[in-house]
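The values are calculated or read from the model by the stated rules, or taken from the named source; none is laboratory data. As the structure is a computational prediction, the values presented were derived from the model and not from experiment. When we count neighbours, we look across all protein chains shown, and the Cβ atoms used for this are built from the backbone with ideal geometry, even at glycine. Accessible surface areas use protein heavy atoms only, side chains included; no ligands, DNA or RNA. Shrake-Rupley method; radii C 1.70, N 1.55, O 1.52, S 1.80 Å.
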Amino acid sequence: MAGVVASQDLRKPVVYTLRTLAIAACYYAAGRLGLTRELVIEGAVVSPIWPPTGVAVAALLVFGLRYWPGIALGALGVVLSLTSPTWRSLVIMAGNTAAPVCGCLLLRAVDFRTDLARLRDGVALVFLGAFASMLISSSVAAGLLVATGELPGAGFWGVWLAWWVGDAMGVLIVAPALLVLHHLRGPLRWSRWKEALGLAVVAAALVPLVTRVGMSVLFLVYPLLIWAALRLQLAGSMVCAMFASTMATIAATDGVGPFRSLSRQEVLINLQVFNGAVALTALLLSALITEQRNTRRSVERACQELVEVLEHLTAGETASGLPSRDEGGARWALEDPDWDARSTGEWSTRHGAEDSGSGR
């Protein structure tokens, strides 16, 4: 017994270390992926969608706050891949680590559930996990650029806004998809697989088209999001939203389609408005539909349990020897002659016969 306990005690630090390194590797890989598409705002390079923030928030929600060193290692690795190791690298790493940690704390304070089965969970992820907590990383980064003279004071708000929106989009688009993967259990029915395949074919044909043509027809993506949310809930809608946001980001950074002939600021504004609307539509609509379906199932389950209880009570009365209404009607009639007759309409007939027999 002592050997088993000692083995478990040794296994815990090993599991913690491996999981921390895995989180750091995923953060770093997501950061390198986000750096493949960049926009230059006020001389600063920013990513329209920063996937590491979604990875960080999802990892802390699933595994716990004690894995924050993995976020810090991943953030440091991304910063060192861009600049030389200085004290500024540590400041940016601290800001990128503190933002998802604060987001996780805020979400835990409102009893956030990672399955996103309630509308309140989707709203909390949007306003607390994304919008509020990412103010930390953007403020630290933009303030550091101004303090070190790499950015003029007049350009603070432009860089701050671009940094904040990019971090928030990473949480809104990447974190829900990772949480869905964490809670995915069992195969879907074949009918849903066929519908999912049909949705994938339509999305693969439509989304690249609307993000590449010169006309501004990005709104054609929303029927796909509604279809995915109604039929496939969060899993389908978030995958569709991620694909649409990725294709729109590629088109924006390439300067093609509806983003052609726009300035850098206009490209960033149009892209982030589209990405934000897509993420909010997919997340909140699917959460609302899932909550309504769960409520309906709870009501149906309660009704079924009530029926079973009534059947059990009826069977118990019969087994205990108590007569049913039909079997014991005569005995109850002897004790109360008007009991059974009142319910069957025979009371008036019987009394009428008695009245006629008495000569009245």
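Worth pointing out:
- Residues located in region 33-71, provided they are open to solvent by 10 Å² or more (accessible area, probe 1.4 Å), farther than 18 Å from residue 168 by Cβ and touching a residue at least 12 places away in the same chain (Cβ under 8 Å): 40, 42, 43, 62, 63, 65, 66, 68, 69
- Residues of region 120-130 satisfying the condition of being surrounded by fewer than 18 Cβ atoms within 10 Å (Cβ to Cβ) and without any contact (Cβ under 8 Å) to a residue 60 or more places away in the chain: 120, 127
- Any chance residue 135 is open to solvent by less than 40 Å² (accessible area, probe 1.4 Å) and either among the aromatic types (Phe, Trp, Tyr) or assigned to a helix (DSSP H, G or I) (or both): no
- Those residues of region 22-32 which are open to solvent by 80 Å² or more (accessible area, probe 1.4 Å) and either assigned to a loop (DSSP other than H, G, I, E, B) or not charged (D, E, K, R) (or both), in sequence order: 28
- Residue that is open to solvent by 70 Å² or more (accessible area, probe 1.4 Å) and more than 12 Å from residue 286 (Cα to Cα), where the choices are 217, 201, 207: 201
- Residue check, residue 151 touching a residue at least 12 places away in the same chain (Cβ under 8 Å) and in a helix (DSSP H, G or I): no
- Lone unmet requirement of (1) closer than 30 Å to residue 251 by Cα; (2) touching a Leu at 6+ places or on another chain (Cβ under 7 Å) for residue 88: (1)
- Counting only residues that are part of a helix (DSSP H, G or I), aliphatic (A, V, I, L, M) and surrounded by 14 or more Cβ atoms within 10 Å (Cβ to Cβ), region 253-276 holds 4 of them.
- The numbered conditions (1) β-branched (Val, Ile, Thr); (2) without any contact (Cβ under 8 Å) to a residue 40 or more places away in the chain; (3) assigned to a loop (DSSP other than H, G, I, E, B) are all true for residue 114 except (2).
- Residue in region 124-138 that is out of contact with any Asp or Glu (no Cβ under 7 Å at 6 or more places or on another chain) and among the polar types (S, T, N, Q) present: yes
- Selected residue [hydrophobic (A, V, I, L, M, F, W, C), over 23 Å from residue 129 (Cβ atoms) and at pLDDT 90 or above] from 10, 18, 39, 61: 18
- Looking only at region 138-148, and only at residues there that are over 17 Å from residue 101 (Cα atoms) and part of a helix (DSSP H, G or I), the one that is most open to solvent (accessible area, probe 1.4 Å): 147
- When each of 75, 117 is tested for being under 15 Å from residue 170 (Cα atoms) and open to solvent by less than 20 Å² (accessible area, probe 1.4 Å), the lone residue that passes is 75.
- Qualifying residue in region 165-182 (condition: in contact (Cβ under 8 Å) with a residue 12 or more places away in the chain and outside any helix (DSSP H, G or I)): no
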